[in-house]
1. Exactly one of these conditions fails for A:Lys268: (1) under 19 Å from the mean Cα position of the chain (by Cα); (2) more than 15 Å from A:Val369 (Cα to Cα); (3) modelled with pLDDT of 90 or more. Give me its number.
2. Assess whether B:Leu59 counts as being within 11 Å of chain A (Cβ to nearest Cβ) and either under 24 Å from A:Leu160 (Cβ atoms) or not in a loop (DSSP other than H, G, I, E, B) (or both).
3. Looking only at region A:459-472, count how many residues are of a type in the set (A, V, I, L, M), crowded, with 19+ Cβ neighbours inside 10 Å and more than 19 Å from A:Ile317 (Cα to Cα).
4. Which one is modelled with the lowest pLDDT among residues in region A:20-70 that are closer than 20 Å to A:Leu164 by Cα and of a type in the set (Val, Ile, Thr)?
5. Which count do you get for residues in region A:246-276 that are of a type in the set (Ser, Thr, Tyr) and under 17 Å from A:Tyr453 (Cβ atoms)?
6. In the set A:Ser102, A:Ser92, which member is surrounded by fewer than 19 Cβ atoms within 10 Å (Cβ to Cβ), more than 12 Å from chain B (Cβ to nearest Cβ), free of Cβ contacts under 8 Å to residues at least 60 places away in the same chain and small (Gly, Ala, Ser)?
Amino acid sequence: MVMEKHDLVAVEKCPTGIRGLDQITNGGLPKDRPTLVCGGAGSGKTLFAMEFLMHGAIEYGEPGVFMTFEETPQDLAKNFYSLGFDLPEMMSRGLIETDHVSITRSEIEETGEYDLEGLFIRLGAAIDAIGAKRVVLDTIEALFSELPNATILRAELRRLFLWLKGRSVTAIVTGESGDKTLTRYGLEEYVADCVILLDSRITGQIATRRMRIVKYRGAAHGADEYPFLIDEDGISVLPITSLGLDYPVSKERISSGVHRLDAMLGGKGFFQGSTILLSGTAGTGKTSLSATFADSACRRGERCLYFAFEESPRQIIRNMESIGLDLDQWVKKGLLKFHSARPTLYGLEMHLVTFHKVIEAFRPQVFIVDPISNLIDAGTAPEVKSVLTRLIDYLKMKKISSFLTDLTHSGDSPEGTREEISSLIDTWLLLRDIEIKGERNRGLYILKSRGMYHSNQLQEFLITNQGLDLVNIYTGSGEALTGSARAAQEAQERASEMERRHEADRIRRDQERKRKAFEEKIAALRAEFDAESQELDLLAEEEKERQQFVTEEQSKMKELRKGKLAADWEKAPKRKLNGKKKGA
Amino acid sequence: MKRKTENTVAEEFEQSATRLNPEKHVLILYVAGMTPKSTLAIDNVKKFCETNLQGSYELKVIDLYQQPKLAKGSQIIATPTLVRKLPLPLRKLIGDMSDTQRILVGIDLKPGK
């Protein structure tokens, strides 16, 4: 144990250049030691070895020797070419040396003791010719079927691996899987430093390749089975474990494309770089909402990648025209990219790699998968979860807003996904059918939305030829109504409201009339009063005139009489007048 | 050489093959260094040739350490290897050549097994 601990620091790594493998092995294969790569027929052993050599020669400046026991140099060149490597050209540049070891049992007769020094010499010559640092022996086990004496062969192979170590080359030895052992001839006994097992398994008619590091002496390594892929770019290993949770977050908000939905999400829409899940049963408008989101992203000038698992791009574009979305313009401008594939076209891991590849190539800001539930067809729920977890982590790392739709079935609980990814989701919208009075309508609500205020109201989701909209659901008189029932209820409410308004108007008119009548009465009384007052004034005036007249008459009389008598007379009526005044 | 039918071509080939000395054996012994195994093999082959081929043979001994390139060209992996170049077909015998019976079978001087 102590020794191993010590080795742990000492083991130098030789990068393979195979995507993902160096990550699992913390740097690559053990440097200057042989590694056994075993697996069944067609598991990718030769490819593994070829990539190791090619990356070494091109990227790490380590020339390599490819010693093949099975394929002719012509076949080998073809195989390399299929990965985009020009073997003859690399050989002419002195980066790769090949040696095809061909032996036929019928040509060979054993006549006593022998060793494989010839092989050593050949390998040594090849290594020296180009100063190789990497060696591939593919598949050395072929010797077992051609050379009759297994005892000598085993001893010689043991010597070969020691010799390789002595030559300071990092070697890959491939071996065919045996029934119970890792390799048919027990090569793992000799190559004790690192053993990698490649495996291809078929579950539900879909093949998934897996890789496992059985042994890696003196170094910590991932012990899991890692799915890997072989495509036109070679092998990609995908660490099944997530990348981690330390991704950057954004406070920026982006519109969902539906104004009222943004309003429900605190008035601003989704967080940029968040993961949005849209669950809903069939025909609830998931694709329409996805397309609207895509459209709004393109309107902002962002790039949007749309993975369609159910429909072809042309069909989506055509269908979305019916709700007033012209997606074709964005496709033409290069802002929107569709990627359609049947989920069962290839395994889940392949899907993940396709996601990665297309994302790397297109660099979108918005990523839509419609629907993720179809991936279930390509694997089991835990596998889908694993793939989606890695996908979501990757997207978050890249700060890509992702919009995933999930087709739920009427029997399922709406608050769950079959892929069990709800905990990975930041904003979860739910579309559901509302069936009232023989009519089916769509409702939308927000199940959760991390980090923002969001409405708790169920809204009716309308798909119109002008686009999508949300309206408040009628919730008066204790029941929720949608669609025509809501419209009818609203009409009824409007009618009764109008009636009430008319009644009030009528009362107001009555009152007005009464007021007018009252005012008229007041006016009449005032007129009567005024008339009487006028009469009175008139009377006073007349009296005054009469008085004046009397006074004038008396003074006239006084003048006429002109005497004492007259003066005495004047005094007498004065008293008389005073008395009369008192009476009045 | 003109107007040859397929038949005559085949016949001519047969004739020339026999003309090329059917008895003559061209043998190459590949060894790796002058190890005891190598010397034993060389001795054994020489002895064998003297007894069984009596003069109608040509033996060449190649040390692969001296000419490593030849190992690839002649498809040698085991040492010592005795290659019978002629008569055709090509035969390879591996080992220290201590089993004379097997050499006889190996270079078609005795029917095998």
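The values are calculated or read from the model by the stated rules, or taken from the named source; none is laboratory data. Values in this document were obtained by computation on a predicted structure and should not be read as measured data. Cβ coordinates were reconstructed from backbone atoms using ideal geometry, including for glycine residues, and neighbour counts include every protein chain displayed.
1. It fails just one condition, (3).
2. No: the conditions fail for B:Leu59.
3. Summing the residues that are of a type in the set (A, V, I, L, M), crowded, with 19+ Cβ neighbours inside 10 Å and more than 19 Å from A:Ile317 (Cα to Cα) in region A:459-472 gives 2.
4. A:Thr46
5. Residues in region A:246-276 being of a type in the set (Ser, Thr, Tyr) and under 17 Å from A:Tyr453 (Cβ atoms): 3 in total.
6. Testing whether each residue is surrounded by fewer than 19 Cβ atoms within 10 Å (Cβ to Cβ), more than 12 Å from chain B (Cβ to nearest Cβ), free of Cβ contacts under 8 Å to residues at least 60 places away in the same chain and small (Gly, Ala, Ser) leaves just A:Ser92.
This table checks each residue for (1) assigned to a loop (DSSP other than H, G, I, E, B); (2) under 28 Å from A:Phe69 (Cα atoms); (3) more than 7 Å from every other protein chain (Cβ to nearest Cβ).
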site	(1), (2), (3)
B:Lys37	no, yes, no
B:Ala41	no, yes, yes
B:Asn44	no, no, yes
B:Gln75	yes, yes, no
B:Val83	no, yes, yes
B:Met97	yes, yes, no
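Rundown of residues vs (1) modelled with pLDDT under 90; (2) touching a strand residue (DSSP E or B) at 6+ places or on another chain (Cβ under 7 Å), yes/no style:
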| site | (1), (2) |
| --- | --- |
| A:Ile276 | no, yes |
| A:Gly280 | yes, yes |
| A:Gly285 | yes, yes |
| A:Phe293 | no, yes |
| A:Ala297 | no, yes |
| A:Phe309 | yes, yes |
| A:Gln315 | no, no |
| A:Arg318 | no, no |
